[in-house]
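*Asks:* What follows is a single structure, and I will ask about it in a moment.
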Amino acid sequence: MNSKNTFVWFVTAVVLFAVILVLNHYLRPPVADIRNILPGLQTATVISVQVIPAGALEIRADRKGDGWLLTKPISYPAQSAAVEELLAALKKLVPATRITAGEVHEHRTSDADFGFETPQLSIIITAGGQSWQLIVGNKTAPGDQVFLRVVGVDGAFVAGIEWLKLIPRSANDWRSTALVAADASACDTIILTNGAKIIELRRDTTNQLWRMIRPLQARADSERITEALQSLQAAQASQFITDDSKADFATFGLQPADLDLWLGHGTNLISGLHTGKNATNDAAQIYARREGWNAVFTTAAAPLSPWHGPVNDFRDPHLLELTAPVAEIEVHGPHDFTLQRQGTNGWQVTGEKFPVDADNVQLFIKTLADMRVAGFPVDVVSARDLAAYGLATPARQITLRPVAGQTNTVIAQLAFAVQTNGIFVHRADEDFIYAIKPEELNRLPESGWEFRDRRIWLFNETNVAQIKLRQNGKTRQVVHNGPNKWSLAAGSQGIIESPAIEETTHRLGELTVPGWVARNVTEPEKYGLTPDNLEIVVELKSGEKLSVTFGTKLPRYNTALAAVTLDGERWVFLFPDVLYQFVTSYLTIPANAP
């Protein structure tokens, strides 16, 4: 071969190679660096999502307000969270591999091999003036990835398959199973029919308490209604039976319905629910449908049972609700008294000088607030009714005021009557007569002295000089010689346990009574306060003497009555049970003692 020709051909080949290199690497249009398969997708702006499965009906959801609505193949509220979850996954969808248009073109059977000729499904997303159509093809040979194509974008993609589980295969996958709208908790009006009467309830915007508007004006059971609403929101449809607009609702007990429930806010309807008879094959399920939709479904009956009660079940079972702090309690009855707040937490019984137990006053208020209604004998009260039930001249009247001394401002006023057929109550601001159980009235204090401070005295055992015991005509003195050191005084006989006496004295120094029994006692024997019963006299190092006398034993309560003298008056009280066990064990004189 001619060397000159060989050289020419060699140079020509080098030039051609250089031209190809330049064309491929410098003059060829660059391939876009696509980090996301659907670039620019912003979930908040999406107004429509269409899922078109192969061989199945199109599923379409359109944004409606803050939620989503299924519009194909049925019209029904959608599971907004499920739609948003798929959109979030698509926004984050990135290719594991990008297949260029040239590679697709070179692979002549790519549409068939990648599954684009007969795709599994396609997804169309619309956001304002922009839309994306994603075609889902076959899975790759290992099965952990899938071929994808975006209409209008050259080439194809290979991506992971985790997000595919978020795609609905039927409308029911995206259909809401809630019985009411998501914002039902914001309702302030409830109208329900569960029998012959319509019950209407409204929530006060100020104190958030519910009131009954129909069939009568009354306080409503806010706790029951709140719990019933929570159960209603948590309840779910179990199975969808039909979406036929021509279905005979009467066959499901839905026309007329056993229960019609309407939830509203202001003048706007939020949600409506109708429930019917028990499901054919399951007595624990009932048929139901949401207002405005044809779908009939089954749901558990139990969460809806609170709405099936009679009118009185929706009324407040308490005699009063405290809408303001109480500053004055005026009581008229066998013993009139008035409690008035002093400062932040202090109280006084008007006309009395003794200190008041603030905790006991709060317990009184709580007892009033906790009093439960046992019945509603009269709903429209007249003067004749008041007389018939003994309320024209009540046995007791309790008035609560938010400001002490201001008689024109009242939180509530309760009148109580004790009749042979029950205990009846009337509120001055209401048209009803209530019945309560006798034990409810028995829990209320009858006299102002019952609010005396329960702490009788306070001393430390280190300040005790000696303790004198008197019992059954005998006397014993126990002398305090130092910490945990006690001895019998001269002339006293017996056996003592110093540590036990020390602990008993410590507890006795903090004597606080569970409750007062009587004041200014003039007949002590009525309470078992006889000269033979135990008397404990504690003599302090200062010379002050503190005395407590024991009376009638109360074995049922493991204690006894006792008495002290306070401000020149004899007071009887219930002795603390635990301390009583210490006293009877270590500070008594045995009957057989010399």
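The values are calculated or read from the model by the stated rules, or taken from the named source; none is laboratory data. Please read all numbers here as calculations on a predicted model, not as lab measurements. Note that we place each Cβ from the backbone using ideal geometry, even for glycine, and neighbour counts take in every protein chain shown. Ligands, DNA and RNA are excluded from the accessible area calculation, which covers all protein heavy atoms including side chains. Shrake-Rupley method; radii C 1.70, N 1.55, O 1.52, S 1.80 Å.
*Asks:* For Leu511, what charge total do you get from the other residues with a beta carbon under 10 Å from its beta carbon, if Lys and Arg give +1 and Asp and Glu give -1? Display every interim value, and only then the final one.
*Replies:* Working: positive: Arg454, Arg455, Arg507; negative: Glu510.
Spelling it out: positives minus negatives among the neighbours equals +2.
*Asks:* Also: Under a Cβ-Cβ cut-off of 9 Å, what is the net charge of the residues other than Phe459 that fall near it, where Lys and Arg count +1 and Asp and Glu count -1? Could you put the intermediate results ahead of the total?
*Replies:* Values: positive: none; negative: Glu461, Glu510, Glu544.
For residues surrounding Phe459, the net value is -3.
*Asks:* For segment 518-594, give the percent of accessible area contributed by carbon and sulfur heavy atoms, probe 1.4 Å, rounded to a whole number. Before the final figure, lay out the partial values.
*Replies:* Values: 2040 of 4170 Å².
In segment 518-594, the share of accessible area belonging to carbon and sulfur is 49 percent.
*Asks:* So what is the accessible area of the chain per residue, in Å², with the probe set to 1.4 Å?
*Replies:* Working: 31000 Å² over 594 residues.
With the other protein chains kept in place, the chain gives 52 Å² per residue.
*Asks:* Rounded, prolate or oblate: which fits segment 459-594 when a ≥ b ≥ c are the square roots of the eigenvalues of the alpha-carbon gyration tensor, with rounded for a/c under 1.5 and prolate only if a/b beats b/c? It would help to have the intermediate numbers written out before the result.
*Replies:* On the way: a/c = 1.63, a/b = 1.43, b/c = 1.14.
Prolate, because a/c is 1.5 or more and a/b exceeds b/c.
*Asks:* Only Cα pairs under 8 Å and at least 6 apart count here; give the relative contact order of the chain as a rounded whole percent.
*Replies:* 7 percent.
*Asks:* For segment 94-134 and segment 263-313, compute the distance between their C-alpha centroids and round to whole Å.
*Replies:* Cα centroid of segment 94-134 versus Cα centroid of segment 263-313: 46 Å apart.
*Asks:* Choose one of Gln145, Asn533, Ser122: the residue whose Cα lies farthest towards the positive end of the charge dipole of the chain (beta-carbon charges +1 Lys, Arg; -1 Asp, Glu; about the Cα centre).
*Replies:* Final value for the positive-end residue is Gln145.
*Asks:* Also: List the relative contact order of segment 468-520 as a percent without decimals, with contacts defined as Cα pairs under 8 Å and 6+ residues apart. Display every interim value, and only then the final one.
*Replies:* Values: 44 pairs, mean separation 11.1, N = 53.
Computed over segment 468-520, the figure is 21 percent.
*Asks:* Okay, next question. Rounded to the nearest 10 Å², what accessible area does Thr522 show when all protein chains are kept and the probe is 1.4 Å?
*Replies:* So the heavy atoms of Thr522 present about 120 Å² to solvent.
*Asks:* Report, please, the projected area of the chain averaged over directions, based on the convex hull of its C-alpha atoms, in nm². Walk me through the numbers before you get to the answer.
*Replies:* Numbers: hull surface 218.7 nm².
Directional mean of the projected Cα hull area for the chain stands at 54.7 nm².
*Asks:* Given charges of +1 on the Cβ of Lys and Arg and -1 on the Cβ of Asp and Glu, with all other atoms neutral, how large is the dipole of the chain about its Cα centre, in debye to the nearest 20?
*Replies:* 740 debye
*Asks:* Here's a follow-up. Under 1.5 on a/c is rounded, so check that first for segment 392-541, then, if it is not, pick prolate when a/b is larger than b/c and oblate when it is not; a ≥ b ≥ c are the square roots of the alpha carbon gyration tensor eigenvalues. Please list the in-between numbers first.
*Replies:* Numbers: a/c = 4.01, a/b = 2.59, b/c = 1.55.
Prolate.
*Asks:* State whether segment 463-541 is rounded, prolate or oblate according to the following rule on the C-alpha gyration tensor (a ≥ b ≥ c being the square roots of its eigenvalues): a/c under 1.5 gives rounded; otherwise a/b larger than b/c gives prolate, and the remaining case gives oblate.
*Replies:* Numbers: a/c = 2.65, a/b = 1.53, b/c = 1.73.
Since a/c reaches 1.5 but b/c is at least a/b, the shape of segment 463-541 is classed as oblate.
*Asks:* What does the charge count near Ala415 come to, summing +1 for each Lys or Arg and -1 for each Asp or Glu among other residues with Cβ under 12 Å from its Cβ?
*Replies:* Details: positive: Arg396, Arg427; negative: Asp429, Glu430.
Taking every Cβ under 12 Å from that of Ala415, the sum is 0.
*Asks:* Probe radius 1.4 Å, ligands and nucleic acids left out: which of Arg98, Arg372, Arg452 has the largest accessible area, and how do the rest follow?
*Replies:* Numbers: Arg98 70, Arg372 115, Arg452 20 Å².
Descending accessible area places them as Arg372, Arg98, Arg452.
*Asks:* Report the accessible area of Arg507, computed with a 1.4 Å probe over the heavy atoms of all protein chains in place, in Å² rounded to the nearest 10.
*Replies:* Counting only protein heavy atoms, the figure is 90 Å².
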